[in-house]
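K.L.:
Please read through the structure below; I'll follow up with questions.
The values are calculated or read from the model by the stated rules, or taken from the named source; none is laboratory data. Fair warning: this is a prediction, and the values are worked out from it, not measured in the lab. All Cβ positions, even for glycine, are placed from backbone atoms using ideal geometry, and neighbour counts span all protein chains on display. Ligands, DNA and RNA are excluded from the accessible area calculation, which covers all protein heavy atoms including side chains. Shrake-Rupley method; radii C 1.70, N 1.55, O 1.52, S 1.80 Å.
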Amino acid sequence: MPRDAPYLTKSRYVQGLTCPKWLWLGWHEPAPYADPEPGSPAYVGIEVGKKAHLLFPGGVLIDFAPWQHAEAVKHTSDLMADPAVPAIFEAALEYQGVRIRVDILERLPGGGWGIREVKSSGSVKDDYIHDLAIQVYVLTGCGLDLRSIELVHIDTSYVRGAGEIDWAAYFAREDLSETVKSHLPDIPRHAAELFDILARPTHPDIEPGKHCPDFCPFWDRCTKVKPEDWVLHLPRITGPQLEKLSAQGIESIRAIPDSFELNEMQARVRTVLKNGKPWVSPDLKKALRSFGPPAVYLDFETVGPAIPLYEGTRPFQALPFQWSLHRLDAKGNLTHEEFLAREDVDPRRAFTESLIAALDGSDEPIIVYSGFEHRIIREMEALLPEYAEVLDRLAKRLADLLPVVRAHVYFPEFNGKFSIKKVGPALAPNIDYESLDGIADGQGAQTAFERIASDTLAPGEDADSLRESLLRYCELDTMAMVEVHRSLRQLAGG
Ligand code: SF4
């Protein structure tokens with residue numbers, strides 16, 4: 001089927017302002033359309049968008065696929081002409097080659113229309129203003145009497161009560177009329193520039209770097225020609241440093257001259273890569289003194305759903321639902337314990353009580369990798385005052401291995417990062433995150449539990465095997481800590 005002439009949408013407009021190459025690639029080399037996976041940010045966005053419809057009773061959905069634009073525009077036009085329709089969901093309009101789907105177009109009681117853009121986030125972001133501005137440009141271009149411009153987003157202070165969610169309290173509505181209108185004079189120029197980019201035979205020559213959003217789908221494509229020791233992997237590299245290196249044509253950390261100004265950590269990374277040998281601080285042994293063994297190695301997983309699953313919880317609130325614990329005794333015996341909450345009740349009490357049962361009564365250091373476990377234990381202290389004393393004792397036993405690694409060791413394989421996923425396999429080659437089936441990081445664990453708890457499993461997925469994957473993933477994280485600690489002790493000389 002021949003493609004339409006290039007056109008902009010609200011997403012393409014925002015992508016084009018962020019990176020013209022993203023815009024060009026998205027049009028000329030699009031990925032095949034796929035429905036978002038349950039639990040993914042796009043999926044959650046759609047679910048939150050549907051809930052926002054409940055704020056506009058009697059509204060009618062334009063239920064056409066993205067490629068059925070002409071039919072969607074026709075249906076929108078029919079509904080706009082019908083004064084009995086109070087709101088139109090996914091209203092389709094087009095002006096000057098810009099096609100939009102308005103989340104909610106509200107017919108105002110006093111006449112005219114209001115645009116309601118729905119976002120599954122807790123605050124207003126710059127992109128949302130551009131997103132609204134291009135829609136207002138189209139709506140006013142089409143001759144609508146637009147009298148109100150609102151962003152409908154999640155009110156993160158909302159606490160779910162008993163029973164169903166109170167959607168009017170869950171959503172916050174912010175009038176952004178003045179801010180959006182201030183962007184309108186720039187839109188014809190921006191749109192013309194973006195159409196010009198789309199008409200080019202090749203993509204704009206734009207280097208990947210700090211300007212790239214995490215979710216740009218072309219990251220792998222744009223970076224595949226970069227060297228393994230690409231300068232962007234230098235810890236905390238700044239924009240001015242990158243500009244200077246680019247001006248000198250330097251892409252590889254090994255190629256950075258000694259005269260180039262780097263901070264202490266960056267210089268260490270350069271030296272390690274140039275020498276090809278790991279660096280170990282002479283103070284490592286001293287830094288490990290309070291870490292045992294005997295020791296316990298602990299890791300938590302949390303879930304923070306946009307739509308609260310349990311009474312008494314807020315949107316995006318981190319709720320601990322799983323822990324894994326390895327215990328290494330003075331004789332070198334290693335044992336493992338674990339907990340994974342039921343999904344049908346708030347997991348925090350069972351999580352806390354099982355943790356206390358496993359840990360209170362011993363006094364070894366509890367080794368963690370980041371300050372996350374400390375924060376969660378302190379939150380449980382506030383939630384369950386009857387356990388405050390024992391939780392305080394546990395919090396005081398925590399010993400964080402991450403700052404020790406950061407300050408005292410660097411291996412070329414760290415690639416500028418200090419996460420357990422990088423450090424574990426580098427220091428202990430038997431740690432293999434690639435072998436995990438399904439869940440391979442904290443985000444994956446979070447969405448897996450959320451899918452089980454909200455009964456939104458993907459086709460072919462079953463809750464029991466997902467729970468098993470969660471257990472094996474968390475166990476590997478604490479096993480990696482055991483091995484990292486063992487390797488550090490060896491590097492420190494015993
Ligand atoms: S990865 Fe960066 S440079 Fe490449 S298209 Fe995306 S935003 Fe643009």
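K.L.:
Keeping every protein chain present and rolling a 1.4 Å probe, give me the accessible area per residue for the chain in Å².
P.N.:
Ligands and nucleic acids excluded, the result is 48 Å² per residue.
K.L.:
Report, in debye and to the nearest 20, how large the dipole of the range 285-491 comes out about its Cα centre when Lys and Arg carry +1 and Asp and Glu carry -1 on their Cβ.
P.N.:
Dipole size: approximately 1260 debye.
K.L.:
Also: Taking the dipole about the Cα centre of the range 265-393, with the C-beta of Lys and Arg at +1 and of Asp and Glu at -1, give me whichever of Ser281, Pro315, Leu383 is farthest to the positive side.
P.N.:
Value: Ser281.
K.L.:
Rounded to the nearest 500, what is the chain's calculated 222 nm mean residue ellipticity when only DSSP H runs of at least 4 contribute -39500 (n - 2.57) each, over all residues?
P.N.:
Calculated at 222 nm, the ellipticity per residue is -12000 deg cm²/dmol.
K.L.:
Is the chain best put as rounded, prolate or oblate by its Cα gyration tensor, with a ≥ b ≥ c the root eigenvalues, rounded for a/c under 1.5, and otherwise prolate when a/b is larger than b/c, oblate when not?
P.N.:
It is oblate, given that a/c is not under 1.5 and a/b is not larger than b/c.
K.L.:
Before anything else, pin down the relative contact order of the range 249-339: Cα pairs under 8 Å, at least 6 apart, normalised by residue count, whole percent.
P.N.:
This gives 20 percent for the range 249-339.
K.L.:
Could you work out how far helix 126-141 tilts from the main Cα principal axis of the chain, as a 0 to 90 degree angle to the nearest 10?
P.N.:
The two axes meet at around 10 degrees.
K.L.:
Which whole-number percent gives the relative contact order of the chain, counting Cα pairs below 8 Å spaced six or more residues apart?
P.N.:
13 percent
K.L.:
With axes computed from alpha carbons, what is the tilt in degrees of helix 348-359 against the longest principal axis of the chain, rounded to the nearest 10 within 0 to 90?
P.N.:
It is inclined by approximately 10 degrees.
K.L.:
Taking the simple approach of a point 7 Å from Cα along Cα-to-Cβ for both Asp63 and Ile46, what is their distance in nm?
P.N.:
Result: 1.4 nm between the two label points.
K.L.:
Mind ranking Tyr170, Tyr137 by accessible surface for me, highest first, 1.4 Å probe?
P.N.:
Result of the area sort, largest leading: Tyr137, Tyr170.
K.L.:
If you stretched the chain out fully between Leu108 and Glu468, how much longer would it get, using 0.36 nm times the residue separation minus the C-alpha to C-alpha distance?
P.N.:
124.4 nm
K.L.:
Right, here's the next one. Cross-link list Lys210/Lys277; Lys21/Lys181; Lys125/Lys181; Lys210/Lys421; Lys51/Lys119: which exceed 19 angstrom alpha carbon to alpha carbon?
P.N.:
Pairs exceeding the cut-off: Lys210/Lys277; Lys21/Lys181; Lys210/Lys421.
K.L.:
Rounded to the nearest percent, how much of the accessible area of the chain (1.4 Å probe, protein heavy atoms only) is carbon and sulfur?
P.N.:
Exposed carbon and sulfur together represent 52 percent of the surface.
K.L.:
Also, I was wondering about something else. Can you give the FRET efficiency to the nearest 0.05 for Lys226 and Glu434, using r as the Cβ-Cβ distance and R₀ = 22 Å?
P.N.:
After rounding to 0.05, the efficiency reads 0.55.
K.L.:
Just to verify a number: what accessible area does Glu311 come out at with the full protein assembly present, 1.4 Å probe, Å² rounded to tens?
P.N.:
Here the accessible area works out near 120 Å².
K.L.:
Express the relative contact order of the range 229-273 as a whole percentage, based on alpha carbon pairs under 8 Å and six or more residues apart in sequence.
P.N.:
Relative contact order comes out at 47 percent.
K.L.:
Still on this structure: Give the angle, between 0 and 90 degrees and rounded to the nearest 10, that separates the Cα long axis of helix 187-198 from the longest principal axis of the Cα atoms of the chain.
P.N.:
70 degrees
K.L.:
Please give the charge dipole size of the range 229-273, origin at the Cα centre, charges +1 on K and R Cβ atoms and -1 on D and E Cβ atoms. Round to the nearest 20 debye.
P.N.:
Dipole magnitude for the range 229-273 comes out near 80 debye.
K.L.:
Another question about this same structure. Once Lys and Arg get +1 and Asp and Glu get -1 on their Cβ, which of Ala395, Ala34, Ala72 lies farthest toward the positive end of the dipole of the chain?
P.N.:
Selected residue: Ala395.
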